[in-house]
Amino acid sequence: MTGLPPFEQILERYGADVWRFAASQLGPAHADDVFQEAMLAALAAYPRVREPDSIKSWLLRITARKVIDMARANARAPVPAASTPEPATLAAEPELPDDDLWARVRALPPKQRQAVALRTILDLPYDEIASTMHTSVEAARRNVHEALKTLRAEMRQEADQ
Amino acid sequence: MNFNIPVPSEDTMARLRATLAERADRQGLLDVAYAAVDSPFGTLILSATPRGIVRIAYDNETEDEVLGELAAKVSPRILFAPARLDPARQELDEYFAGRRTAFDLPLDWSLSKGFRREVLAATARIPYAGTSTYAQVATAAGSPKAFRAAGTALATNPIPIIVPCHRVLPASGDVGGYRGGSARKQRLLQLEAAQFSLS
């Protein structure tokens, strides 16, 4: 038998991180949906997990995949008419503090966008960012660095104007 | 730059988890649902698979111990999902209030194998307010000499109360051991005797 903890404990430990990572990538309005899709996919695959020590990276990797799926689905969806109402549950979510910064993050290339959120929001060390994103530690470092450089430059430019 | 995303509130997390449990159940991914319910015998942890009640634990076992055992022996796909336990909670409430003398709930015997399962099946046939001895249930399970093994089966009954191992007593006339402690065994016997004499 596996030595996996009950999935309830995984939710308890990492549920908030999954939601916050999703919110950073797509905005809080989509975080609930990404959370559900990621957790269902994780639950389906959970009994086959072979490395109980790296469950957090595994879960964030699934979340990153669901973020991409949802971004694609949103892009394919018909151009939203102004009249399409947001579901009530989504509308109730508060906006993020400093939403302007997050809008800039979302405009970054996908790898930088993911890496900078994992580093700044979830406080992951570079080796865990690398393991989550299946890159080298060096690439993880570079992705975060490039993201911060771009964001700083944009902020400076704005301040100069 | 202030990269801040607040942790979702407890209400938000509770809502997300409730939705997840519901969807997981619909998709056949909720192998074990559990809930903690109050009772006159302390907080009980009830758990059920899609087949039926698999485990009931008194508060002398911690939630971590109980869920850890279920994860290892049944499935790690375990979520807090009280809805599946609603029928059990209701029947237990009625039993504790003296309004129910038999349970009408499907059971999942995954945690009991072989002779132990036979012993528990024999135990499940002891009627309300009745009692039996270890030797008698061993005999009913097909091995009259295995009364010690019968004792072990009862001491590790995964579904106490519903599988009424409290009705099995040592021949000495003592109350004997109980997974939830002898005091609880005594009280269950008293509860049933009191209702029985009323009717």
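The values are calculated or read from the model by the stated rules, or taken from the named source; none is laboratory data. Since we're looking at a predicted model, the values are computed, not measured. Don't worry about glycine lacking a Cβ; one is built from the backbone with ideal geometry, like all the others, and counts go over all protein chains shown.
Per-structure values
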quantity: Subset of region B:57-81 [buried (at least 22 other Cβ atoms within 10 Å of the Cβ), under 23 Å from residue B:26 (Cα atoms) and more than 8 Å from chain A (Cβ to nearest Cβ)]; calculated: B:81
quantity: Condition met for residue B:40 (farther than 19 Å from residue B:83 by Cβ and away from every other protein chain (no Cβ under 14 Å)); calculated: yes
quantity: Given (1) closer than 23 Å to residue B:154 by Cα; (2) out of contact with any strand residue (DSSP E or B) (no Cβ under 7 Å at 6 or more places or on another chain), number of the condition residue B:49 does not satisfy; calculated: (2)
quantity: Residue satisfying condition, being surrounded by fewer than 16 Cβ atoms within 10 Å (Cβ to Cβ), within 16 Å of the chain's Cα centre (by Cα) and not in a helix (DSSP H, G or I), within set B:48, B:102, B:35; calculated: B:102
quantity: Identity of the residue in region B:93-118, away from every other protein chain (no Cβ under 14 Å) and touching a strand residue (DSSP E or B) at 6+ places or on another chain (Cβ under 7 Å), that ends up farthest from residue B:191 (Cα to Cα); calculated: B:108
quantity: Residue tally, condition within 8 Å of another protein chain (Cβ to nearest Cβ), within 20 Å of residue B:14 (Cβ to Cβ) and assigned to a helix (DSSP H, G or I), over region A:1-27; calculated: 9
quantity: Residue match in region B:114-128 (condition: crowded, with 19+ Cβ neighbours inside 10 Å and assigned to a loop (DSSP other than H, G, I, E, B)); calculated: yes
quantity: Tally of residues being of a type in the set (S, T, N, Q) and either modelled with pLDDT under 90 or not assigned by TED's automatic domain parsing to the domain that holds residue B:136 (or both) across region B:163-199; calculated: 4
quantity: Test result for residue B:78, without any contact (Cβ under 8 Å) to a residue 12 or more places away in the chain and of a type in the set (Val, Ile, Thr); calculated: no
quantity: Qualifying residue in region B:8-17 (condition: touching a residue at least 60 places away in the same chain (Cβ under 8 Å) and either out of contact with any Phe, Trp or Tyr (no Cβ under 6 Å at 6 or more places or on another chain) or facing chain A (nearest Cβ under 10 Å) (or both)); calculated: yes
quantity: Condition broken by residue B:29, with the remaining ones in (1) in contact with a strand residue (DSSP E or B) (Cβ under 7 Å, 6 or more places away or on another chain); (2) buried (at least 17 other Cβ atoms within 10 Å of the Cβ) satisfied; calculated: (1)
